Amino acid sequence: MTQSKNKTALLTLTTIVAICFSAGLIALNKNAQLALISTILPICLLAYLSPRYVYLAIIIILNLSGLYLTGKNPPAINIDVLDWIVFDIISIFLSEFLINLKTTHSKEVELLTKRDLTYSSILKYINTGVLIFENAELYFINDQLCKLTGYSMDEMKDLTFLDLAHPDEKHKLSDHAYHDPNAMTNHTIQFWIKTKNGEERFIENSYLYFQLSSINTFEMIMTSDLTDQKRKEEILELNQKSLERLLSNLPGLAYRRKNDPSYKMKYVSKGSKALTGHLPAKFLNNKTFSYKDLIYSEDRESVQSKTKQNASIDEAFQLIYRIITSESETKWVWEQGKVVPGFNNQVDLELEGLIIDITDYMLANQELSQSEQKYKALANSITDIFMAVDKNLTITYWNTASEKMTGINSQQAMGKAIHKIFPTIQGFALDESLEDALKQQKSKQFVQKLRINGEEPFIEINIYPSAYGVAIFGRDVTEKIEAENQLKYLSTHDALTRIYNRAYFETEMERLQNSRLFPISIVMADLDGLKYVNDSQGHSAGDELLRQTANLLRESFRTEDVVARIGGDEFGVLISNTGADAVHNAIKRVRTKIQHHNKAHPNLKIKLSIGVATTQIGEKLEMTSKRADKKMYEDKSTHKGDTRELKPY
């Protein structure tokens, strides 16, 4: 651009010098007419190179100068007025012609520039890779091709598609010579390439060869990424093959036929041979016979009527009927079909469906119906609850024992949801357990309270799920559960005081030893004077003193603390997450309660010797217990009176 401006300035300067030279000749009156004519060409060139006012100013100056010189007496130059008029007309005409030519040329250049920018922008941002060669030399690469291959523009300059092609695909390109117009004109090749990061992409190259002149040829390669389309085609092909295999392996006959009484088949699967004894080809377009001819004569009218009545695009229809095979064997079949649009979205509707042999099922169903009454009689003879529900948890069977326990007869229970008979109790919902069993298809056994006739007995429930629903057996085990609970209670509690016994105390001490509930404090207490009370007031009084002592200790500590009778007159307390200061306050409460008790019961006073110890770092609870026991004996040997402060340990 700078060089062009420099050339224009140089030409303009030369033109002005030429004009000045001609004007000088005129002024010197040396061949004035020739000098005037020679001025026309520089003025026209100046008009072409410079703005219009420049050349007009030069003409005006020349005219004024000429009129001045001509007007002298005698005239300084031999140019008359007519010469000047001819000079002006020719100069202005030629100058305006050149200016108009310049304007037209500029507009054409501008238009070509805009088009060039437009085409460059299109090629740059088009969603297709573009590679252009001019005279077999690389001329243009767009960004999309670089994105597709993963290589930069500089890297692409040294690569060809033969370099990018997958090793198994190179033969597709090796047969075509690059930049050969006869081989590549309007040619398309699809092949796999490997990108810079090793990813495989499927592309389509369209080659276009064109020649602008005998010495200027262009080759354009447009590259489209078809990877996603290729993957979808591969998946579609795989699905089609899978569908063909699936239809071939179906235990029956899959079909597509016209939705009319002729049963004209468009497609029949290979399963027709096993079902009917006839090959699929015999049914196609009713080549040999129609499938309708195989339908049992007594069922044919019913089948056609139900198909016409129930077939719709929105819902599938189901039929059960008999057919006669090629071996004259009668078979029960189940058919499910649906109306679908014809091929290529034709207006005529067609039927697609599946026909399966259910002969064994029908025969088994007949046997099942015959034996159902036997099973019902057997179910009604057992003393346990027996009921059955379907997959919607609706009751389908209710035996006699269920009627007796619930007071609900079979007619009232059948068809009802199970939760309406057995509502939720203490957060337990029987219907939720049944749903869980159906999902997992696993049997369950558990004991749970159920609300029956206003009572809440413990019922041992056995659940057996199946594909059709759930069978439920139940037995009243209330007495058994209560006996077990009583035995469990007695195994962990002292029978006299109703607080924990020594066995439970030792078990908890082992558990706490392995817990994270430290610090742990242990209290050991001995009931003083128990033997004296037994001897003086009788064992019943001694037992009462033990009970009141146990109650006093239980009330003095937290619910989670373990208060136990660990000997005849000995008590122990396990206090987790509690240090020496906190347990000291608890002992104060014990002493205070003893004072209040002794004031209220002067004839049955409580006297306790108490020892307390808190676990030290790395100490076993057994050693802590021994330290508390030792403190208790020290307290027993040193105290006087009924109440005293216990020093913290």
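FRET efficiency for the pair residue 153 and residue 243, taken as 1/(1 + (r/R0)^6) with r the Cβ-Cβ distance and R0 = 51 Å, rounds to 0.65.
Give me the extension gain from residue 487 to residue 531: residue separation times 0.36 nm, minus the current Cα-Cα distance, reported in nm with one decimal.
On the way: separation 44, 0.36 × 44 = 15.84 nm, distance 3.01 nm.
The residue 487-residue 531 span can extend by a further 12.8 nm.
Taking 0.36 nm per residue of sequence separation and removing the Cα-Cα distance, the residue 53/residue 188 pair yields an extension gain of 42.7 nm. Using 7 Å Cα-to-Cβ label points, what is the residue 304/residue 279 separation (nm, one decimal)? Using points 7 Å along Cα→Cβ, the separation is 2.9 nm.
Using per-residue counts of other Cβ atoms within 10 Å, averaged over each peptide, order 136-145, 599-608 from highest down. Spell out each step's value before the answer.
On the way: 136-145: 15.6, 599-608: 14.0.
With the highest mean Cβ count within 10 Å placed first, the list reads 136-145, 599-608.
Take 523-532, 360-369 and order them by the average number of nearby Cβ atoms within 10 Å per residue, most first; the result is 523-532, 360-369. A probe of 1.4 angstrom, applied to the heavy atoms of all protein chains, finds residue 405 with accessible area near 50 square angstrom.
Semi-axes of the equivalent ellipsoid for the range 259-310, computed as √(5λ) from the eigenvalues of its C-alpha gyration tensor and ordered from largest down, come to 20, 12, 10 Å.
When all protein chains stay in place and ligands, DNA and RNA are ignored, the 1.4 Å accessible-area order of 130, 447, 54, largest first, is 447, 54, 130. For residue 392 and residue 352, the FRET efficiency from 1/(1 + (r/R0)^6), where r spans their Cβ atoms and R0 equals 35 Å, is about 0.75. Amide H to amide H, with H built 1.01 Å from N, residue 399 comes under 5 Å of 386, counting only residues 5 or more places away or on other chains. Which pairs, out of 338/376; 444/488; 391/449; 331/416; 196/230, put more than 29 Å between their alpha-carbon atoms? Distance filter (> 29 Å) returns 338/376; 331/416.
Using the Cβ-Cβ distance between residue 543 and residue 429 with R0 = 45 Å, the FRET efficiency computed as 1/(1 + (r/R0)^6) comes to roughly 0.45. Taken as Cα centroids, the range 557-572 and the range 266-317 sit 84 Å apart, rounded to the nearest whole angstrom.
Fully extending the segment from residue 598 to residue 336, taken as 0.36 nm per residue of separation minus the present Cα-Cα distance, adds 85.4 nm. Straight Cα distances below 21 angstrom link residue 599 to the lysines 588, 607, 640, with same-chain residues fewer than 8 positions distant left out. Note on residue 134: accessible area is roughly 60 Å² with a 1.4 Å probe, heavy atoms of protein only.
The values are calculated or read from the model by the stated rules, or taken from the named source; none is laboratory data. Everything quoted here is computed from the prediction, not taken from an experiment. Reconstructed Cβ throughout: ideal geometry from the backbone, glycine too, with neighbour counts over all protein chains shown. Just the protein is used for accessible areas: all its heavy atoms, side chains included, with ligands, DNA and RNA removed. Shrake-Rupley method; radii C 1.70, N 1.55, O 1.52, S 1.80 Å.
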